[in-house]
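Trainee: This is the structure, below, for whatever I ask next.
The values are calculated or read from the model by the stated rules, or taken from the named source; none is laboratory data. Note that the structure is a prediction, hence the values are computed from the model and not measured. Neighbour counts run over all protein chains shown; Cβ positions are idealised from the backbone, glycine included. Accessible surface is based on the protein model in full, side chains and every heavy atom, while ligands, DNA and RNA are left aside. Shrake-Rupley method; radii C 1.70, N 1.55, O 1.52, S 1.80 Å.
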Amino acid sequence: MAPTIAPVETSNDFPASTTVVIIGGGIIGLTAALTLAERGVPVTVLEKGRIAGEQSSRNLGWIRKTSRHGEDVPLALASDRLWATMTERTGSDVGYRQSGIMFLSRTPDQLAVHEAWLDSVAALSLDSRLLSAREIDAQVPGGRGDWAGAIFTPSDGYAEPTLASSAIARAAIARGAVIVEHCAVRNITRTGGQVSGVVTERGEIRCDQVLLAGGMWSRRFLGNIGISLPTLPLILSVFRTGAMEGPTNSAVGGPDFSFRKHKDGGFIVTQRGALDAPLTLDHLLVGSKYLSALRAQRGLLRISLGKHFWRDLALPRRWKNGNSPFERVRTLDPPINQMLNRDAHHNLSAAWPVFEKATIEEAWAGMIDITPDSNPVIDAVPGVPGLTLASGFSGHGFGTSPAAGQLAADLIMNNEPIIDPRPYRFGRF
């Protein structure tokens, strides 16, 4: 099951040439396309399935600076400014609400982690602050949790994933971008070592530049041309309640639950303390790069060897200009972990009893591409002039997508970048 995405009328035409081809119709590729189209650059987005059909519509919608790596905060700050004008920019409601995000701590040790993060970003002059148990009760009334404290950032917020990507896509199309769905890109073509086009299931498109924004699929695409991008999969299970009165309009993250208001009056809920980590062949190939992250996050991961291993193994890792894995799997639709969703509901109800009688209207799961340091790669691909990568957003790309897409567009066109791109260089791995 997947959330219902606001419809977009994409193109049935297949251009013979363009300036920039974007591989992947998720929110990163779409924001890059909008930026390029606004600058008058011809751009075509090619999506193997439906735009925003995977993680771009399945995430929680949070837009946060809180608890990001310090070097990643400038991208989040730039995105805050862009989100604030996104409704005007696109001419559509994207559900953006700057209503704050709070992270709760049960123990002094958990609170100390937030305090250490605050100290680490002190020079950035954020509006984040620590809250006492009494202040938590005032901000989120009706609870019965025994909290040691919390960290709260009033300028954080959220938007609606099922609205935002569609609004951005429609705005890009209105400015001249071409978006083609159900069209997988099989490979790139090169002339004299420089990218000169892409080969798709419908034929070739000539172009000067390619942006690979394929999310979980970017590793496999690059692997086919001999380049290793270290990403591994995690699966997040989510549910949405029916319309109900709730304790706050802020988004709230506890140690083992999170919730935020949904546009339809319900709440988006997940088990924040657990993620499914299905083993794949890639764990053998690049898993050593994740050892420090595994030691730090082992308690969050539900590691398993099951059907996903064999399905992933059956997909080709090398192909020529046919039989690509992108035509076999149009949309990654991982199974929902109902046990984790039940845990989230139980844990949330124990903290705020108003959720005890909440009805579950829909549930879904999304697959996240994680890098070893949980930061994305937004950079030119070494050794392939004309190919730029924007992937590996590690579950928090939705929030930074406006600035991330613009940064990718800046790099492609050799413009002054919106922020310092060095934290996102490919070579850091």
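Trainee: Look through the stretch 48-72, keep the residues that are among the β-branched types (Val, Ile, Thr) and farther than 24 Å from residue 10 by Cα, and return whichever of them is surrounded by the fewest Cβ atoms within 10 Å (Cβ to Cβ).
Mentor: Going through the qualifying residues, I end up with 66.
Trainee: Going by what's in this entry, would residue 75 be described as of a type outside the set (S, T, N, Q), within 13 Å of residue 403 (Cβ to Cβ) and surrounded by 21 or more Cβ atoms within 10 Å (Cβ to Cβ)?
Mentor: yes
Trainee: Between 29, 40, 53, which is at positive phi and of a type outside the set (A, V, I, L, M)?
Mentor: When all the criteria are applied, what remains is 40.
Trainee: Going residue by residue through the stretch 6-18, is there one that turns out to be of a type in the set (Ser, Thr, Tyr), more than 27 Å from residue 157 (Cβ to Cβ), part of a loop (DSSP other than H, G, I, E, B) and in contact with a Cys (Cβ under 8 Å, 6 or more places away or on another chain)?
Mentor: Looking through the stretch 6-18, at least one residue is of a type in the set (Ser, Thr, Tyr), more than 27 Å from residue 157 (Cβ to Cβ), part of a loop (DSSP other than H, G, I, E, B) and in contact with a Cys (Cβ under 8 Å, 6 or more places away or on another chain).
Trainee: If residue 343 passes every condition in (1) outside any helix (DSSP H, G or I); (2) in contact with a Gly (Cβ under 9 Å, 6 or more places away or on another chain); (3) open to solvent by 40 Å² or more (accessible area, probe 1.4 Å) but one, which one does it miss?
Mentor: Here residue 343 meets the rest and fails (1).
Trainee: Also: Any idea which of (1) modelled with pLDDT of 95 or more; (2) open to solvent by less than 20 Å² (accessible area, probe 1.4 Å); (3) under 19 Å from the mean Cα position of the chain (by Cα); (4) on the phi < 0 side of the Ramachandran plot is the one residue 3 doesn't satisfy?
Mentor: That leaves (1) as the condition not met.
Trainee: Of all residues in the stretch 396-429, which are modelled with pLDDT of 95 or more, open to solvent by 30 Å² or more (accessible area, probe 1.4 Å) and assigned to a loop (DSSP other than H, G, I, E, B)?
Mentor: Within the stretch 396-429, 413, 414, 415, 416, 417, 418, 420, 421, 425 qualify.
Trainee: Scan the stretch 350-370 for residues that are aromatic (Phe, Trp, Tyr) and within 13 Å of residue 142 (Cβ to Cβ) and jot them down.
Mentor: Answer for the stretch 350-370, where residues must be aromatic (Phe, Trp, Tyr) and within 13 Å of residue 142 (Cβ to Cβ): 352, 355.
Trainee: Right, residue 15: of a type outside the set (Lys, Arg), surrounded by fewer than 19 Cβ atoms within 10 Å (Cβ to Cβ) and out of contact with any strand residue (DSSP E or B) (no Cβ under 9 Å at 6 or more places or on another chain) or not?
Mentor: Answer is no for this residue.
Trainee: Tally up the residues in the stretch 374-395 that are assigned to a loop (DSSP other than H, G, I, E, B), among the polar types (S, T, N, Q) and either in contact with a strand residue (DSSP E or B) (Cβ under 6 Å, 6 or more places away or on another chain) or open to solvent by 30 Å² or more (accessible area, probe 1.4 Å) (or both), please.
Mentor: The total comes to 2.
Trainee: Assess whether residue 94 counts as being open to solvent by less than 30 Å² (accessible area, probe 1.4 Å) and in contact with a helix residue (DSSP H, G or I) (Cβ under 6 Å, 6 or more places away or on another chain).
Mentor: Considered against the rule, which asks whether it is open to solvent by less than 30 Å² (accessible area, probe 1.4 Å) and in contact with a helix residue (DSSP H, G or I) (Cβ under 6 Å, 6 or more places away or on another chain), residue 94 comes out as yes.
Trainee: Look through the stretch 136-175, keep the residues that are open to solvent by 10 Å² or more (accessible area, probe 1.4 Å) and under 20 Å from the mean Cα position of the chain (by Cα), and return whichever of them is farthest from residue 3 (Cα to Cα).
Mentor: Across the stretch 136-175, the extreme among qualifying residues is 155.
Trainee: When the residues of the stretch 107-122 are filtered to those that are of a type in the set (A, V, I, L, M, F, W, C) and out of contact with any Lys or Arg (no Cβ under 9 Å at 6 or more places or on another chain), which remaining residue is most open to solvent (accessible area, probe 1.4 Å)?
Mentor: Selected residue: 113.
Trainee: Among the listed residues 179, 188, 173, identify the single one that is within 28 Å of residue 263 (Cα to Cα), outside any helix (DSSP H, G or I) and of a type in the set (A, V, I, L, M, F, W, C).
Mentor: Sole residue among the options that is within 28 Å of residue 263 (Cα to Cα), outside any helix (DSSP H, G or I) and of a type in the set (A, V, I, L, M, F, W, C): 179.
Trainee: When residues of the stretch 33-43 are filtered for being buried (at least 24 other Cβ atoms within 10 Å of the Cβ) and under 24 Å from residue 199 (Cβ atoms), how many remain?
Mentor: 3
Trainee: So, of the residues in the stretch 354-373 that are in contact with a Phe, Trp or Tyr (Cβ under 9 Å, 6 or more places away or on another chain) and in a loop (DSSP other than H, G, I, E, B), which turns out to be least open to solvent (accessible area, probe 1.4 Å)?
Mentor: 371
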